[in-house]
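Please treat every number below as a calculation from the coordinates, not as lab data. Bear in mind that the values here come from a model prediction, so they are computed numbers and not experimental data. Backbone-built Cβ (ideal geometry, glycine too); neighbour counts: all protein chains shown.
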Amino acid sequence: MTIIHISAECYPVAKVGGLADVVGALPKYQNSADVRSQVIMPFYDNKFTEEHSFSSVYDAQLELGDTTYKFSILTLKEKPLDFDIFFVDVPELIFKDYVYSADDTERFLSFQIATLDWLLTWDKSPDIIHCHDHHTGLVPFMLQESYKYEAFRKTPNILTIHNAQYQGWFSHDKVGLIPPFNFDHVGLLDWGGSINPLAAAIKCAWRVTTVSPSYMEELKLAANGLESLLSAESDKCLGILNGIDWKVWNPETDSYIVENYTNETVANGALANKKYLCNTFNLDIEKPLFAFIGRLVHEKGSDLFPDVFNAVLEKEDLSILLLGSGNKMVESQLENLKEKYVGTYNAFIGYDEKLSHIIYAGADFLLMPSRVEPCGLNQMYALRYGTIPIVRSIGGLKDTVIDINEQNGFGICHDNTAVPEIINAIERAIALYKDQPTYKSIRNNIMNIDHSWDVSASEYIELYNTLKQTKDD
């Protein structure tokens, strides 16, 4: 069975968020289960493309309304990844030093058209076309409605929603950019008076998945305007929890961290990484270390951190380390706290992959007070390294973290993204840290929780087989 994943991101080629981690890991694990899983993505002007060599496997032209563009399908000359990956190169539109910008309609539409034009040349069509987020959302519509792609009418396709907040809206004035289709069906493109690629994909895809079961249910209540559509299409929707790549995120072999360890040697290994962090950022090794890693945006609840940190640092015995960037006002507020709380608080504004690994290994607790968290991977990374997550019970956080007050609990959960609740959760964590036997027992146990891609990959393969059987019938 041959699967082609179509995505705007894929780690380690181009990463903005969790989408890249998923598309960079899922095919690897599917291939290990005897499924031929491949990826196609845009060809960006970035560090990865500068450092690698490519060859063209297909050259042609595509029509985008009245404009013709040359494009190529590229592949890597060497094979650094555990799956085949292809790149759509439209030099005039796609080859930029960024992944996303304010208006990407033409960029991602050209990417989708070029991809389908190339798939038309395959001797045998892929068994499944798997689309990821709104950047590929017009693919299911074009497969179903565009005259050009009639050969794919019986090819099953899937849409996975990684974040429904972003839908790719654009004006009906640009409908002519889409390859010709029966205009009687133009309503499939519309949602709320605009062409909405994510909505079109939900309508036209054979199946719609999200990255956690809870997020799928939450979308029926809050999906940035798509609630009624997802409720209406619920029979073909399901949530499959993301996994993490256990080969990359493995404290026993991770080359980024200061000292490697297993769950049997976590006491010394985690302490060595904590010492590095405390020495580097002038923090007290004796205090519980709370960390945040991520984007400083509304969705993550990070706008509340200045108030939360001021409150707890004034009265509690703890250290806080933050790694992230985003909202400039929040960045400034968090930077200013460094002068006020010397020795107990520090922040690295930006992103550093190595530092993130060391924080997962060396922190005692990880903060994730998200307002929206479709799946969340950070809490899984933290568990893998023996760091206890403090989360708001929403989306994938709800599916992966059980509060310590519940049976078999191992994390600290709160119901709302609110300053008093986050403070209370931190106070509960400090109390847990003071109970060292219980804290150490939880730390050892959470390292054994299996959130690898093996389980998730097998669920997707089961879905693929079901769709393939439907097609064959």
Taking a quarter of the surface of the convex hull around the Cα atoms of the stretch 191-346, what do you get in nm²? 13.2
Over the stretch 266-450, what is the relative contact order in percent, taking alpha-carbon pairs closer than 8 angstrom and at least six residues apart? 21
Cβ-placed point charges (K, R +1; D, E -1), dipole of the chain about Cα centre in debye, nearest 20: 380
Using modelled backbone amide H atoms (1.01 Å from N, in-plane), which distant-in-sequence or interchain residues come within less than 5 Å of C413's amide H? V391, I404
Based on Cα positions only, what radius of gyration and what Dmax would you give for the chain, in angstroms? 23.1, 70
If you average the sequence gap of Cα pairs under 8 Å that are 6 or more apart and divide by the length of the chain, what percent do you get for the contact order? 12
Of all DSSP beta bridges with both partners in the chain, the antiparallel percent, nearest 5, is 30
What does the stretch 122-215 give for Rg and for Dmax, in Å, if only its C-alpha atoms count? 13.2, 40
Over the stretch 20-99, with a single point scatterer placed on each C-alpha, what log10 of the ratio I(q)/I(0) does the Debye formula yield at q = 0.18, 0.24, 0.25 1/Å? -0.82, -1.19, -1.24
D for the stretch 316-388, whole µm²/s, Stokes-Einstein with Kirkwood Rh over alpha-carbon pairs at 37 °C and 0.692 mPa s: what number? 244
Rounded to the nearest 0.05, what FRET efficiency do N263 and D352 give with R0 = 22 Å and r taken as the Cβ-Cβ distance? Could you check? 0.25
Stokes-Einstein D for the stretch 350-448 (20 °C, 1.002 mPa s, Kirkwood Rh from Cα pairs), in µm²/s, comes to 159
Counting sequence-distant residues (5 or more places) and residues on other chains, those with an amide H built under 5 Å from that of D245 are none
Of L159, T210, A114, farthest towards positive along the dipole that unit charges on Lys, Arg, Asp, Glu beta carbons give the chain: T210
Could you grab the relative contact order for the stretch 131-223? Cα pairs under 8 Å, six or more apart, rounded to a whole percent. 39
Per residue of the stretch 213-230, in order, report the coupling 6.51 cos²θ - 1.76 cosθ + 1.60 (Karplus, θ = phi - 60°) as ³J(HN,Hα) in whole Hz, putting x for Gly and Pro. x, 5, 5, 4, 5, 5, 5, 6, 10, 8, 9, 6, x, 9, 4, 5, 5, 5
Phi-derived 3J(HN,Hα) across the stretch 185-193 with the Karplus relation (6.51, -1.76, 1.60, θ = phi - 60°), rounded Hz, x for Gly and Pro, is 9, 4, x, 5, 7, 8, 7, x, x
Across the alpha-carbon set of the stretch 266-450, Rg over Rh with Rh taken as the Kirkwood radius works out to 0.92
How many angstrom lie between the C-alpha centres of the stretch 449-473 and the stretch 12-90? 23
